[in-house]
Structures are given as structure tokens and as C-alpha cells.
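In what follows, a structure is listed as C-alpha cells, so that the remarks can point back to it.
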Amino acid sequence: MLAIRDRGEAVRTFIVANVAKHPADIVRRTAEKFDCTRQAVHRHIQRLVEEGALLESGKTRSRTYALAELISWSQSFAVASCGDEGDIWLRDVRDLLRPLASNVMDIWHYGFTEMFNNALDHAQACTITVDVTKTAAGSVVVIRDDGVGIFRKIQAALGLLDERHAVLELAKGKFTTDPQRHSGEGIFFSSRMFDQFSITSGSVNFSHQAKAPEDWILEAEESDGTTVRMELGNHTARSINKVFKQYTTGDDFGFTKTVVPVRLAQYGDDNLVSRSQAKRLIVRFEKFRTVVLDFKGVTLIGQAFADEVFRVFALAHPEVELFPLNANKEVSQMIAHVLAANP
């Protein structure tokens, strides 16, 4: 009896996890996956419809299915009177996401409080709006503020030419415009905990996906303030500790390792050839023991750029290990060239 119940739960979990991608043929795919009849799959689907987890539309052969929104909630908070991020989490958000496994709730607790606190402390906003959407498969939380915009603020603080370069600093981690009150770790670790994580501000969208671990910068429609979007499967096995252990050492979770998407140092279509571009890239590398330089998307680098990173910086900071990753033949040859000149 227990085995039958477990199989039924597995079938329904598969349907919920895959129906968004296969709304019209989820019955066939499920039947093939579990080697069962379509009639058996229909019984599971009808149960999910009756429970309110699925919506069905159309008739017979044209019938499609979609996830139903179990929760759709939005609330705006006046910064001057809303209290802190812990108050909002406990009073308004936590129970909307329940019931979920403890590892999933821990991720939501961490991500929500970190991002809401950033809006409170850094955005210079009057209002923060929180949207929560939950289906049987996953949950999405969006935090929007009407402040100065995170990328523009970093651009002004560092004197950067382009607000897109602010994303590079966030991607490294350990960056904050208020070091007395913040460690600069919140965005970095939050972006690695969720299935999908994005920040949109000004004309820039920064995103990170768990299944495609590189960071992305996309052009966005010009907007005021900052919007953070976090999405997580309700049944993920990911945990805060698993994410921390990828980038930390010791029992105190010392943040010692970072992965830097090198292409974020590019300006427009320019190739990475100059020492000034390299110096922009290596800012704050000395705060880490290990820096993985991800060259995915970089077609070539110049001798001066490679020399500044892999010889000049390496000689000045021997305690920092530099590891190139995803370098093509041309990039690898240039790195080897400058390393051959390193005494």
C-alpha cells in the first residue's frame, strides 16, 4: 500500500513540475515516464484539479492544463513606518509561502530579508512593494522600490562610466556602499540560492539561473527604482549550507571564493585588451583566497589585459589563487604567454 501511495505522489509531483512546459501533452509524457495508461494519468490530473493545483481548459483532444495560483498577494509598505525586514517576514510573508520544507523556507527567509533590508538601507525609497505568487510547483517573490536605483548608486559611488559595470562588482561579492553596516554578501549568496534571481534597475537587468550558473546582463526598458525577482521550486533539495559551502571555508563560513564572469568587464562590443579594463576587473580580488575567472563569452584578450591580471596582480598578491575557466584556445594561449614571462 505504501509503495502505491509513493508512486502516486511521484506521478503527481512529475505532473506539477512539468505541466508548465507541456500543457497540451502532459498526459502522454507522464504515461511514458511511468509506463502507465493515459487513464491512470487522467485520474491523477483530476485529483490535482479537484485540489485546486491545476486548471484545465478545452475539450478532449484539445484539452490543456496549467498550474493554478494558490497564492497571489501584493502589498506596499511605507519605508518610514513599515518596521524592519524581520517584521515584514514574520507578519506578512512567511505564512503565504507555507507549508514548505525547512530548507526551502530557510532560503526564502534569507533571500527575502536580505533583499528587503537592501531596499530599506540603500535605496533611499519612500515605498517598497512586495508581490508573492505561489503554485503547486514553485513560488515567486518580487520586491520593488521607488528609490535611486541600485546600479546607478554603485556607478556614482565608484565613478564608473557605465551602470552595467556595477553588475560586475555585485557578481564578485563583498561589495557594499555602506561597509559599516553591511558585508556585501547578501546579493551574491541570494543570487546563488534561487532557481532564478534577477535585479532590474535603470536600463540594466542582471540575472542568475541555477541551471546556467553564469551571470547575465540584458538591456531593460528604462525604469526607476529597483526590482528584485526571486523564484524557487517548492521541492528543491538546495539548502543555505550547500550554497555557502561552494564559496566558503571553515566552520565560520568565511567567504573566500568567488566566480567572476570576465565578460562583464567589457564595455559594449569592445574586446578586453587594455590594462585599464584589467584593473577594473581585479578590483577587490585581494579580498578572496580563490578567484575563478569565467571566460565564457570572451573571444579574445589582449597581452596587456592578460599581463595585468595573471602576472602583475599575481606577483603583488601571491596569497590569491587565480583559476581561468571556460577559456577558448586564443584566450588560453594569451594567458600561457604572459605566465611564461612570470619569474
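Bear in mind that the values in this text are calculations on the coordinates, not laboratory data. This is a predicted model, so every value here is computed, not measured. Ideal geometry is used to build each Cβ from the backbone, glycine not excepted, and the neighbour counts take in all protein chains shown.
Quickly estimate the mean residue ellipticity at 222 nm for the chain, helices only: each DSSP H run with n ≥ 4 gives -39500 (n - 2.57), and the total goes over all residues, rounded to 500.
Rounded to the nearest 500, it is -11000 deg cm²/dmol.
When the chain is fully extended, how far beyond the present Cα-Cα distance does ASN18 get from LEU300, taking 0.36 nm per residue of separation?
97.6 nm
Order these by the 10 Å Cβ neighbour count, fewest first: PHE244, PHE189.
Values: PHE244 16, PHE189 21.
So the residues, fewest neighbours to most, are PHE244, PHE189.
Per residue of the stretch 201-208, in order, report the coupling 6.51 cos²θ - 1.76 cosθ + 1.60 (Karplus, θ = phi - 60°) as ³J(HN,Hα) in whole Hz, putting x for Gly and Pro.
Rounded to whole hertz, the list is 7, x, 10, 10, 10, 10, 9, 9.
Around ARG91, with a cut-off of 12 angstrom between Cβ atoms, what is the net charge of the other residues, counting Lys and Arg +1 and Asp and Glu -1?
Summing Lys and Arg as +1 and Asp and Glu as -1 gives -4.
How do HIS208, HIS235, HIS165 rank when sorted from fewest to most other Cβ atoms within 10 Å of their own Cβ? Write down the numbers at each step before the final one.
On the way: HIS208 24, HIS235 14, HIS165 21.
Exposure proxy ranking, most exposed first: HIS235, HIS165, HIS208.
Could you name the lysines whose alpha carbon sits less than 27 Å from that of LYS33, not counting residues in the same chain fewer than 8 places away?
Hits, sequence-local ones excluded: LYS21, LYS59, LYS134, LYS211.
Of THR236, PHE295, HIS317, which is farthest along the charge dipole of the chain in the positive direction, counting Lys and Arg as +1 and Asp and Glu as -1 at C-beta?
Going by the Cα projections, it comes out as THR236.
Residue by residue, what Karplus-based ³J(HN,Hα) values in Hz, rounded to whole numbers, does the stretch 311-328 have, using 6.51, -1.76 and 1.60 with θ = phi - 60° and x for Gly and Pro?
10, 5, 5, 4, 5, 6, 9, x, 6, 9, 8, 10, 10, x, 9, 6, 7, 6
Reachable lysines from LYS287, Cα under 17 Å, same-chain residues fewer than 8 places away excluded?
The qualifying lysines are LYS172, LYS174, LYS257, LYS279.
Please list, ordered by chain and number, the residues whose modelled amide H lies under 5 Å from the amide H of VAL204; skip anything fewer than 5 residues away on the same chain.
Under 5 Å from the amide H of VAL204: ALA220.
For the chain, just say rounded, prolate or oblate: build the C-alpha gyration tensor, square-root its eigenvalues into a ≥ b ≥ c, call rounded for a/c under 1.5, and beyond that prolate if a/b exceeds b/c, oblate if not.
On the way: a/c = 2.21, a/b = 1.59, b/c = 1.39.
Taking the square roots of the gyration eigenvalues as a ≥ b ≥ c, the chain is prolate.
Based on the Cβ-Cβ distance from ASP106 to ALA157, what FRET efficiency comes out when R0 is 41 Å, to the nearest 0.05?
Given R0 = 41 Å and the Cβ-Cβ separation, E is 0.85.
Given +1 on the Cβ of Lys and Arg, -1 on the Cβ of Asp and Glu, and no further charges, what dipole in debye does the chain carry about its Cα centre, rounded to the nearest 20?
It works out to roughly 1280 debye.
By counting other Cβ atoms within 10 Å of each Cβ, how are GLU9, GLU319, GLU169 ranked from fewest to most?
GLU319, GLU9, GLU169
So how far apart, in nm, are the two label points at GLU321 and SER57 if each is 7 Å from Cα heading toward Cβ?
The answer from the label model is 5.4 nm.
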